[in-house]
Amino acid sequence: MRLHKSFVEREFDNDRHNISGLKPKPTFTPSLAQVGKEVELFESLVEIDIQKILKDPPQLNHNLKIDQRKALEFLKNDPEIIIKPADKGGGIVILNTLDYEKRVEALLSVKEHYQKVPIRRMDTLKREGGLTIDEGITAGRICEEEGRFLKNDNPITPAFYGLPKIHKNVMDPPLRPIVSIVSCIGSVLEPLSKYVELK
């Protein structure tokens, strides 16, 4: 809100070289003095509302009975089982953890699809990617703002898991391999994939 108020009346001199429109997230937050009393008043009112909610939290209406909630909590915390959604049909599947892990390892051991890489590979990718981005800036293929966007200083490794295909076999379901889209946000190549998608 402060950013919007601070910049709403300014005219932007867009970077003429930033064709993609991609840029790093801003880290600047204007002070209250820069944005005026109305934002300060709004923030105060929101803080008061938050304090009221924390003091007297609203009652939750559960759709499960107490014994059902306890059973669900027990199942969630049982290390010997894993609960996953079914690949199709919207069902819930409870699997033995050891069996599930063996099946995931079997998926990952298929050399045509997956390759084991050293943990330091992320650092190598980050360094090599940074050098390539710097070369692109120097050559004028991308602007500095796009270069800052493309460099991911703190990348994460996406999560891999399997969804049981109970429509194929109820008692011994194979797994559909999934690389989580949600966990790809922040991966070393995520900014580059956004850039390529726009080109």
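All of the numbers you see were taken from the coordinates with simple rules; none came from a lab. Computed from a predicted structure; not experimentally measured. As a convention, Cβ positions derive from the backbone with ideal geometry for all residues, glycine included, and neighbour counts pool all protein chains shown.
Per residue, the chain reaches -13500 deg cm²/dmol at 222 nm when only DSSP H runs of four or more residues are counted, each adding -39500 (n - 2.57). Can you compute log10 of I(q)/I(0) for segment 113-199 with the Debye formula, treating each Cα as one identical point scatterer, at q = 0.19, 0.24 Å⁻¹? So the normalised log intensities work out to -0.92, -1.20. Cross-link pairs exceeding 27 Å between alpha carbons, from the set Lys76/Lys168; Lys102/Lys168; Lys102/Lys194: Lys102/Lys194.
Could you tell me the relative contact order of the chain? Use alpha-carbon pairs under 8 Å, at least six residues apart, and round to a whole percent. Worked out over the chain, it gives 22 percent.
What's the Cα-based Rg to Rh of the chain, Rh via Kirkwood? Radius of gyration over Kirkwood radius for the chain works out to 1.09.
In the chain, a dipole from Cβ-located charges (positive for Lys and Arg, negative for Asp and Glu) runs towards its positive end, and of Gly129, Gln115, Ser31 it is Gln115 whose Cα lies farthest in that direction.
Of Ile185, Ile119, Ile66, the residue with the greatest mean-square motion in the GNM of the chain, using alpha carbon springs below 10 Å, is Ile66. With R₀ fixed at 30 Å, the C-beta to C-beta distance from Gln34 to Val196 puts the FRET efficiency at about 0.20.
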